[in-house]
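The values are calculated or read from the model by the stated rules, or taken from the named source; none is laboratory data. Given the structure is predicted, the values throughout are model-derived calculations rather than measurements. No Cβ is skipped: glycine too gets one built from the backbone with ideal geometry, and neighbour counts run over all protein chains shown. What goes into the accessible areas is simple: the full protein's heavy atoms, side chains included, and nothing from ligands, DNA or RNA. Shrake-Rupley method; radii C 1.70, N 1.55, O 1.52, S 1.80 Å.
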Amino acid sequence: MKADVKCHCQLYGFGNEFSSEDPRCPGSLPEGQNNPQVCPYGLYAEQLSGSAFTCPRPTNKRSWLYRILPSVRHKPYTAMHCGNLTENWDEVEPDPNQLRWMPFTIPKSSEKKGLHTLCGAGDTKSRNGIGIHMFTCNTSMVDRCFNNSDGDFLIVPQQGEILITTEFGKMMVEPNEICVIQQGMRFSVNVFGETRGYVLEVYGAHFELPDLGPIGANGLANPRDFLTPVAWYEDREVATGYTVINKYQGKLFSSQQVFSPFNVVAWHGNYTPYKYNLDNFMVINCVAFDHADPSIFTVLTAKSSRPGVAMADFVIFPPRWGVADHTFRPPYYHRNCMSEFMGLIKGHYEAKEEGFQPGGGTLHSTMTPHGPDRDCFEKSSTALLKPERVADGTMAFMFESSFSMAVTKWGLETCQRLDKSYYQCWEPLRKHFDPNWRPSKQ
């Protein structure tokens, strides 16, 4: 089954105007109009808007779905227990320290599975903010789907592949791939064993490709490498009830209906889910001297209202060549007006080969100092500088945000994965200052 599903993402491009119909129902897309008096096959026409109607064309997002029954047919929503999902950023006192988490445990008990909010900032009601979550699970969603009314999910699987069924079709997403489920899109997840990963949620903006500026027309994540699913539907009644879970204003609600929501026979538009393989990233790097800023590794960005300032960036640190001369090649020591959350999909991160493990994470908050540990500094300061491969077999990433993020009680206490000895990796740094140093004579 898994091999069959991988071919379901056959639409190539980023933000394109796509159209797709399930081949079982040829001609199910209306011709020449969006909302005919009677749709082909007796379908209902339903528009899903991801932007205001009056947004300029380059930012106007919407899709038309042609479905067996409209999504409005459901019982009233009722409040659910939210578990460790929250947007309460005042649960605990602020913590400006460097924070590191050991790999997050995949629990055995069903009540602890799902989304766990680690940190975030902002507000879903004003549509301005972000949340960073971990997901852990070992069972699939059966007759249940999820709908995020608050914002977009960027999902980064770290362990185990996930089969995501959406209203637009199916996507198989493996570690070293990412997918984006945009606001309002219903989806269900099937897993094939113990599964873990990261989620970046943004409120009030959609992810887009970063501007390339003087790089030119090509480079970084190329639009042609993004994949969107093709139409697939099921006409399935669920006598025992199908549960639709809705994240709304930071809380969870559920409603019941008697049919599968994945009943879209055809669709067209530019507001879709999509996935991307990180191996396709075209790396830009320094070829002369100095260490370039990590913004050259940006895959996707969610822009804020301030020019040049991101609500959130998704940045990766992929395998590449290091060739800079007269240069300390690992990441420099840094204090940043942005917040930096890092995760590791696989391998060993160059600046900290010990302690930072796949399935774990670090948070360096606004203006919190960070940088290479002692071993990395000493080794790289004396290394013979020759062309070398960097990060082979590794994929680290960063969620960088202009928000000053608060850590949740789950992140600081309940998860019990916080490494309280993290600061000690910098304790051995020693003084190299020599007041008698003089430039060497040429």
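If you keep only loop residues by DSSP, which chymotrypsin sites (Phe, Trp or Tyr not before Pro) in segment 52-81 have at most 11 other Cβ atoms within 10 Å of their Cβ? Mind dumping the intermediate values first?
Details: sites: 53, 64, 66, 77; in loops: 53, 77.
Hits after loop and neighbour filter: 53.
Across bins of 5 angstrom width beginning at 0, how are the C-alpha pair distances of segment 318-442 distributed, in whole percent?
Whole-percent P(r) values from 0 Å outward: 2, 9, 15, 20, 21, 15, 8, 5, 4, 1, 0, 0.
Assign unit charges at the C-beta atoms only (+1 for Lys and Arg, -1 for Asp and Glu), then state the dipole size of the chain relative to its Cα centre in Debye, rounded to the nearest 20. Numbers along the way, then the final one.
Numbers: 42 positive and 47 negative charges, 33 e Å.
Rounded to the nearest 20 debye, it is 160 debye.
Give me the log10 of I(q) over I(0) for segment 74-156 at q = 0.15, 0.27 Å⁻¹, as the Debye formula computes it from C-alpha points; what are the numbers?
Reported log10 I(q)/I(0), two decimals: -0.72, -1.61.
How long, wide and thick is the chain, going by the Cα atoms along their three principal axes, in whole angstroms, largest first?
87, 47, 42
Calculate the radius of gyration of the Cα atoms of segment 139-244 to one decimal place, then report Dmax, the largest Cα-Cα distance, as a whole number, both in Å.
15.9, 58
For segment 170-296, list log₁₀ I(q)/I(0) at each q in 0.09, 0.15 Å⁻¹, using the Debye formula over Cα point scatterers of equal strength and ignoring solvent, two decimals each.
-0.40, -0.96
What number comes out for the charge environment of residue 289, summing +1 per Lys or Arg and -1 per Asp or Glu over other residues with Cβ under 11 Å away? Intermediate results must be reported in sequence, preceding the final value.
On the way: positive: 329; negative: 290, 325.
Net of charged neighbours comes to -1.
Would you please report the Å³ per residue occupied by the convex hull of the alpha carbon atoms in segment 1-154?
Values: hull volume 35.2 nm³, N = 154.
Spelled out: Cα convex hull of segment 1-154, divided by residues, is 229 Å³.
In square angstrom, what is the accessible area per residue of segment 61-127 with a 1.4 angstrom probe? Show your work: numbers first, answer last.
Numbers: 3660 Å² over 67 residues.
About 55 Å² of surface per residue is accessible.
At a Förster distance of 25 Å, what's the computed FRET efficiency of residue 429 paired with residue 292, Cβ-Cβ distance as r, to 0.05? Let's see the in-between values first.
On the way: r = 24 Å, r/R0 = 0.95.
After rounding, the FRET efficiency stands at 0.60.
Do any trypsin sites (Lys or Arg not before Pro) in segment 342-442 lie in a DSSP loop with no more than 14 other beta carbon atoms within 10 Å, and if so, which? Don't jump to the answer; show the numbers that get you there.
Details: sites: 346, 352, 374, 379, 389, 409, 417, 420, 430, 431, 441; in loops: 352, 417, 420, 430, 431, 441.
Answer in residue order: 420, 430, 431, 441.
Want the number for residue 325 to residue 384: 0.36 nm per residue separation, take away the alpha-carbon distance, what's left? Let's see the in-between values first.
On the way: separation 59, 0.36 × 59 = 21.24 nm, distance 1.00 nm.
Answer, rounded to one decimal: 20.2 nm.
Sequence gap at least 6, Cα distance under 8 Å: using those rules, report the relative contact order of the chain to the nearest whole percent. Before the final figure, lay out the partial values.
Numbers: 1096 pairs, mean separation 90.2, N = 442.
The value is 20 percent.
Quickly estimate the mean residue ellipticity at 222 nm for the chain, helices only: each DSSP H run with n ≥ 4 gives -39500 (n - 2.57), and the total goes over all residues, rounded to 500. Intermediate results must be reported in sequence, preceding the final value.
Details: 2 runs with 13 residues, N = 442.
Rounded to the nearest 500, it is -500 deg cm²/dmol.
On the accessible surface of the chain, probed at 1.4 Å, how many percent belong to carbon and sulfur atoms?
52
Would you mind working out the accessible area per residue for segment 199-267, using a 1.4 Å probe, and quoting it in Å²?
On the way: 2730 Å² over 69 residues.
Value for segment 199-267: 40 Å² per residue.
Could you pull out the GluC sites (Glu not before Pro) across segment 207-276 that fall in loop regions by DSSP (anything but H, G, I, E, B) with no more than 14 other Cβ atoms inside 10 Å? Before the final figure, lay out each step's value.
Values: sites: 208, 234, 237; in loops: 234.
Answer by residue number: 234.
Taking segment 128-181 as the region of interest, what is the percent of Cα-Cα pairs per 5 angstrom bin, listed from the shortest bin to the one with the maximum distance?
Going from the shortest bin to the longest, the percentages are 4, 14, 27, 30, 18, 6, 1.
Under the rule a/c < 1.5 gives rounded, and otherwise a/b versus b/c splits prolate from oblate, where does segment 31-95 land using the Cα gyration tensor? Before the final figure, lay out the partial values.
Values: a/c = 4.90, a/b = 1.78, b/c = 2.75.
Taking the square roots of the gyration eigenvalues as a ≥ b ≥ c, segment 31-95 is oblate.
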